[in-house]
Structure formats: C-alpha cells, structure tokens
Amino acid sequence: MNELIEKIKELSTAMLEDAELQADKGNKAAGTRARKFSLELEKTLKEFRKVSLEESKK
C-alpha cells in the first residue's frame, strides 16, 4: 500500500507541474503530459481504493 501512496504522490506532482506550465505559459505539450498523468493517476487511485478496502476488512 505504501508503494501505491508513493506512486500517487509522484503522479500528482508531475501532473500539477505540467498543468501549471500549460496554464501559465500556454505550453501545449505540457497539457498533453498533464492529461496523460491524470489518466494514470485515476487508475492508481482506483487501485488504491481497492487495496484500502481490503486492508480495512482485516
């Protein structure tokens, strides 16, 4: 579970950095990367939710 938390932190940071580049400087490539990271983050959060529920049942 700790691995998932670290992955969520990394993806969140990367997504936010690229989203800020797009918003502040109009960097289209950064926007594309931010969207890619958001999809990966979504999958990871779903996995975290599943693992978290399993852990809470123990």
Which value, in debye to the nearest 20, gives the size of the charge dipole of the chain about its Cα centre, when Lys and Arg are +1 and Asp and Glu are -1 at the Cβ? 260
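Which value in deg cm²/dmol, rounded to the nearest 500, describes the helix-derived mean residue ellipticity at 222 nm for the chain, given -39,500 (n - 2.57) per DSSP H run of n ≥ 4 and division by the residue count?
On the way: 2 runs with 53 residues, N = 58.
Helices in the chain give a 222 nm mean residue ellipticity of -32500 deg cm²/dmol.
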Read through the labelled values [x] 4, 14, 15, 11, 8, 6, 5, 6, 7, 7, 6, 6, 4, 1, 0; [y] 4, 20, 35, 27, 10, 3, 0; [z] 4, 21, 23, 18, 13, 9, 7, 3, 2, 0 and report the label of the one computed as P(r) over Cα pairs in 5 Å bins from 0, in percent from the structure. [z]
Where does each of Arg49, Arg35 land when they are ordered by accessible area, with a 1.4 Å probe and the largest first? Arg49, Arg35
Rounded to whole Hz, the Karplus (6.51, -1.76, 1.60) HN-Hα couplings of the stretch 44-58, x for glycine and proline: 5, 5, 5, 5, 4, 4, 5, 5, 5, 5, 5, 5, 5, 7, 7
Solvent-accessible surface (1.4 angstrom probe) belonging to Leu53, in square angstrom, nearest 10: 80
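The values are calculated or read from the model by the stated rules, or taken from the named source; none is laboratory data. These numbers come from a predicted model, not from an experiment. We place every Cβ from the backbone using ideal geometry, glycine too, and count neighbours over all the protein chains shown. Side chains included, ligands, DNA and RNA excluded: accessible areas come from the protein's heavy atoms. Shrake-Rupley method; radii C 1.70, N 1.55, O 1.52, S 1.80 Å.
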